[in-house]
Structure formats: C-alpha cells, structure tokens
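A.B. asks: Once you've had a glance at the structure underneath, I'll fire off some questions.
The values are calculated or read from the model by the stated rules, or taken from the named source; none is laboratory data. A quick note: this is a predicted structure, and the numbers were derived from the prediction, not measured. Every residue, glycine among them, receives a Cβ derived from its backbone with ideal geometry; neighbour counts consider all protein chains shown. To get the accessible areas, we keep the full protein, side chains included, count just its heavy atoms, and leave off ligands, DNA and RNA. Shrake-Rupley method; radii C 1.70, N 1.55, O 1.52, S 1.80 Å.
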Amino acid sequence: MLVAGAALLVYTATAAISQQSSGLRGAISEVDLERQIQPRWLSTEQTTSIGADTQPAASTAPRAQATSPDQLDNQDDIFADPLEPRTSTSLANQRADTAAQPADRATGPSATDDDITTGTVRAQPLEGFEMDGLRRAGPESGRQGAIEGLGRPSDPSPFAPVGLRLGTFEVFPSIEQGIGWTSNAANSQGGESATFSETTLRLDARSDWGRHSATLAGTGTYRRSIAGAPLSEIEGNLDGQLRLELLNDFSALAGIGYDIRPESAFAPGAIAGVADRPNRHVLTGTAGLSRDAGLARFSATARVNRTMYDDAKLTDGTTASQRERNSTLGTLALRGGYAVSPALRPFVEGEIGRRYQDVRVDSQGVERSANRFALRGGLELDMGEKLSGEVAAGWLMERPDDNTLAAISGLDLQGNVNWSPVRGTIVTLNGSTSVEGATSAGDTGTFLYSTNLSLSRELRANLTGSALLGADYRLYPGSSQYDLTLRGEASLTWWLNRYAGLVGRVRHEQFTSNQAGRESRQTSFYMGLRAQR
C-alpha cells in the first residue's frame, strides 16, 4: 500500500511538470489575449510596454520605441470606412510589413521623454478622396443665380381677374363696350333692324370672413341705336346675400335683389301702340332661419316681391298709367328635410302668401288681390364644386278676392343646379314658375314657366366659350291658348391679357303663339372689348 501510494504521487508530479514544459500549451496570460483582440499594428507598438509591466525590475513609466511615418502608412486604420478605397499600399503588403518587424523591437535603446505613449494613436495624413470634400472651391466653380431668379410654378388661371381689396371684401369690376346689329329692334311683329352701341358694367364682390359670408353681384347694360330703327333701353340686375352662422346649429340668411328690363311686347296686360316699351321693375327681399338637428334640417323663409311698371308713352305723344298692374307679393315657406346621404337631402315645403294690388278695385270694378298656396317636394344636392343646387315640383294656386274671378292653379316647377363634369366646364340649369296678373275683364292671370340651360367652357387658357338655350312657356288657365318663346345664344371671349379681352356674341329668339298677330323673330350680332380688374 505504501509503495502504491508513493507511485501515485510520483506520477501526478511528473504530469504537472510535463504541462509546464515549453512543448505544451500551458496557461494563457492576459497579454496574449490582448494581442489576439487588438490590431497587429497596435499590438506591436504596445508589446514593449506590456512586457515591461510583467518584469519586476522594469520602470514604473513604460516606454515604447518611436514609429516612423512610413510604418504608420502601411498599418490598418480601425476607423477607416470599409467601402472607401485605400490610397496607399494594399492590405496584403501591410500584413507582410507587420510580420517582418523584429520581435525584440521593445528591447531597443531607451527612448526620450517625447516618445512616451499617451494612449492616443497618431492619425494618418488625409489623401485621395478624403481631401476632395475639404479642398476649397476653385475659380472654375460656376456662379449661382439669385433666389429671385428661380422658376415659379405656373398660374392655373393666368387670365383670371386680379380684383381689388376693399376692407374685408374682394371686388372684381369690369366694363364692356361694343357695337351690334339686330334684325328686330323692338322685338315685336314687323319690327325694323338697327345698329346699336352697347355698354355693360359688371360688379362681383365677395367677403373674406372667417365664419360668415356675404356676396354682391350686379350687371347693367345700356343700348342705344346709332343707325336704323330707334332704340334706347336699359336692363340690369343686382343680387346680394348675407349668411350668418349662429349658435346651436342655427344659420340665418338674408338677401335683396333688383331687376329692371323692358317689358315684352307680348306680355299679358301690355299696352299696344307704345312708342317705347316701358320698363318693368322687380324688387325682392328674403329673410330665413334654419337649424340642423342631426340628419334633419328645418327652415322658415319669408319673401317679399314688389313688381312695378313704368307709364307707357304712346305713339300719339300721350302717356298711359299702369299703376293698376303694380302689386306686392308676400310669402312664408316652411321646409323640412332629412339627409339620406351626405350629398342628398329630400325635403317637403309648404307655402302660404298674399298678393296685394296697389289699386284695390281697378277701373273695371274688380278686386284682383289674391291669396296664395303652394306645396312642393324636392331634393337638395350637395357634392361640393362637382354638383350642387336643388330641384322641386308641386302644385301652386292663387285665389282672387273677387268672386267673379276664378282661381288659377297648376304645376309648380322650381330648380337651380350647377354641375361641373370636368375642370373648366360649368353647366347651369335654372327653372321657375310664376303667376302673371291680368287686366282684361274675366281674366285672373297666367302661368309662366321659364328655363335656361347654359354651358361655359375654357377652351384654352385665353379663350372661353359659352352657350345658352332657353324657353318660356305661358299657359292661359281655362283656355287652350299658349305662348312659346325659344332662344339660343353663343359667345366667345379671347383674352389679350389678364385685363382685356375681345368678346363676340350671336343670339336668336323666336316667339310663337296660337293667337293671331302674336309672332316675332329676332337675330343679333355683337362685337366688343372687355376690360376687367
């Protein structure tokens, strides 16, 4: 047992001595680990300092032998961009130079105080592509243009009016002057032709408010013959609206309008044998209040319509008064609608009103004032700029105060729709139904249905075209008589610049009736110059 134990101890000691011999791997020191993880050029320079730390007789301040610039150029840069091409030797040459360095480099002569390592690495000089971004631009660099000379985006409407700024309103005025010819100056049966001068003023004003809005649009035209049949007439219109957005989803609407134009020679109650057609004036006023309650909308609107006729100047030099034809119509309409979609809102509207004649009892002893009743159903359209407006149909009745006059009633059609199928194209459809009074014995009045379909198109940036088709149908209740007026118009505007343009227009109108002596045709041409701001 003692011999076996002694043999085991001898074997163990022999194995330990064998592991510490130079032929075996042995223990791995901290210096060897640092050499493996550091770059070759850094590990080579620090060999002396690390080795000095391991010797007990070394100085407390480790020193390293200075390295020449040529050696630094051949060493790897740990901060270099891996995608940037090298400007000195290849990586293989650097590795060869590093391997060729003597192993006992750290044991050379003692270095001076300038050679003491401070923990930093000498940077390589900038060469090649690295200097391109740092070199100062030479005189061959081109001069850059000023900011004011840079290109600007094109104006989508280069010929649109600029307008004037008046307070919180943008005003767009224009004036047009031209010469025209008409085949029927009086627009009556057997009328004569004339060459005339025409002057037109237009005004469009829009508010620039944050919450409320206001608009004002007006047109005035004066014609006077310069050759042929005598002609002197004026026509125009003015329309203003104010919209207020109130609290609790309430909104208020107010409007005022005025229209003046010569009375048609074939209008009911028109006086025959006049030297000039008398003017017809129409004043309108509107006030309304509406409220949105979820998807439902309720509104109440009051309207006042005042119609006046100028005295007629007869061919014999006398004057005939038309005061008996003057009247005032007041109505109140209640409407309720429900939105079935964001763009469609069907509605039902009821209307009551009263027509007051200026002369309560006319020269024939008849009281022509009447009560008015109407019921309509329609649809509101709201698709933004693409499609907007409303259409309605119903029944309208007026009952005179005089029992000798029968009540008149008939189909009531109303509509105002704007449609823009493509950019630069606007299609507008207007329709209305009105009751015209009468002055002859036994007649209560007539129904007049009017409609206009217009198309406006920007053919080019400086060329605008428009076309219009219209019709008026007058129905005489209680008889088979009727009047029909058809008209068509086409015009072109060629803009010379943003402020001036040439205007050309052709128009034709035809009036027919199943009554004898009521027929006329009129064709006219016009050429003028328009100036706008």
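A.B. asks: List the strands (runs of 3 or more DSSP E) inside the stretch 466-533, counting only whole elements, that have at least 2 residues being farther than 19 Å from SER197 by Cβ and among the hydroxyl-bearing types (Ser, Thr, Tyr).
C.D. replies: Ranges flagged: 482-495, 500-513.
A.B. asks: Step by step: first the residues of the stretch 445-472, then only those that are under 25 Å from ASN326 (Cβ atoms) and in contact with a Ser or Thr (Cβ under 8 Å, 6 or more places away or on another chain), then the one that is least open to solvent (accessible area, probe 1.4 Å). Which residue is that?
C.D. replies: The extreme case among them is PHE447.
A.B. asks: May I pose another question? Quick test for you: out of ALA265, ALA270, pick the one residue that is touching a residue at least 60 places away in the same chain (Cβ under 8 Å), of a type outside the set (Lys, Arg) and assigned to a loop (DSSP other than H, G, I, E, B).
C.D. replies: ALA265
A.B. asks: Inside the stretch 324-337, can you point out the residues that are outside any strand (DSSP E or B) and either open to solvent by less than 50 Å² (accessible area, probe 1.4 Å) or farther than 12 Å from GLN357 by Cβ (or both)?
C.D. replies: Residues satisfying the conditions are ARG325, ASN326.
A.B. asks: Right, something else. Have a look at ASP239, ASP292 and point out the one that is in contact (Cβ under 8 Å) with a residue 40 or more places away in the chain, part of a strand (DSSP E or B), touching a Phe, Trp or Tyr at 6+ places or on another chain (Cβ under 9 Å) and not aliphatic (A, V, I, L, M).
C.D. replies: ASP292
A.B. asks: Take THR195 and decide whether it is at pLDDT 90 or above and out of contact with any Asp or Glu (no Cβ under 7 Å at 6 or more places or on another chain).
C.D. replies: When the stated conditions are applied, THR195 passes them.
A.B. asks: Quick one: in the stretch 173-208, of everything that is of a type in the set (Asp, Glu) and open to solvent by 70 Å² or more (accessible area, probe 1.4 Å), which residue is nearest to VAL506 (Cα to Cα)?
C.D. replies: The selected residue is GLU192.
A.B. asks: While we're here: Which of the residues that make up the stretch 476-511 are of a type in the set (S, T, N, Q), open to solvent by 40 Å² or more (accessible area, probe 1.4 Å) and out of contact with any Phe, Trp or Tyr (no Cβ under 9 Å at 6 or more places or on another chain)?
C.D. replies: SER479, SER480, GLN481, GLN510
A.B. asks: Among the residues of the stretch 338-392, which ones are among the hydrophobic types (A, V, I, L, M, F, W, C), open to solvent by 40 Å² or more (accessible area, probe 1.4 Å) and part of a loop (DSSP other than H, G, I, E, B)?
C.D. replies: Scanning the stretch 338-392 gives VAL340, MET383.
A.B. asks: Residues that are free of Cβ contacts under 8 Å to residues at least 40 places away in the same chain, open to solvent by less than 50 Å² (accessible area, probe 1.4 Å), of a type outside the set (Lys, Arg) and under 27 Å from SER479 (Cβ atoms): does the stretch 306-323 have at least one?
C.D. replies: Checking the stretch 306-323: at least one residue is free of Cβ contacts under 8 Å to residues at least 40 places away in the same chain, open to solvent by less than 50 Å² (accessible area, probe 1.4 Å), of a type outside the set (Lys, Arg) and under 27 Å from SER479 (Cβ atoms).
A.B. asks: Follow-up. So is GLU398 in contact with a Lys or Arg (Cβ under 7 Å, 6 or more places away or on another chain) and over 30 Å from ALA461 (Cβ atoms) or not?
C.D. replies: In short, yes.
Here is a yes/no grid of residues against (1) free of Cβ contacts under 8 Å to residues at least 60 places away in the same chain; (2) under 21 Å from LEU375 (Cα atoms); (3) open to solvent by less than 30 Å² (accessible area, probe 1.4 Å):
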residue	(1), (2), (3)
ALA406	no, yes, no
SER409	no, yes, no
VAL417	yes, yes, yes
ARG423	yes, no, no
GLY431	yes, yes, yes
GLY442	yes, no, no
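A.B. asks: If I ask for residues that are open to solvent by 30 Å² or more (accessible area, probe 1.4 Å), over 28 Å from TYR309 (Cα atoms) and not charged (D, E, K, R), which ones from the stretch 274-295 would you list?
C.D. replies: Across the stretch 274-295, the qualifying residues are LEU289, ALA293, GLY294, LEU295.
A.B. asks: Moving on. So PRO262 passes all but one of these: (1) buried (at least 16 other Cβ atoms within 10 Å of the Cβ); (2) within 30 Å of the chain's Cα centre (by Cα); (3) not charged (D, E, K, R). Which condition number does it fail?
C.D. replies: Exception for PRO262: condition (2).
A.B. asks: Name the single residue, out of those in the stretch 209-259 being touching an Asp or Glu at 6+ places or on another chain (Cβ under 7 Å) and charged (D, E, K, R), that is least open to solvent (accessible area, probe 1.4 Å).
C.D. replies: ARG223
A.B. asks: Also, quick follow-up: Confirm whether SER479 is closer than 19 Å to ASN305 by Cα and among the small types (Gly, Ala, Ser).
C.D. replies: No.
A.B. asks: Pick from the stretch 341-372 the residues that are within 22 Å of THR439 (Cα to Cα) and hydrophobic (A, V, I, L, M, F, W, C): which of them is nearest to the chain's Cα centre (by Cα)?
C.D. replies: For the stretch 341-372, the residue satisfying everything is ALA370.
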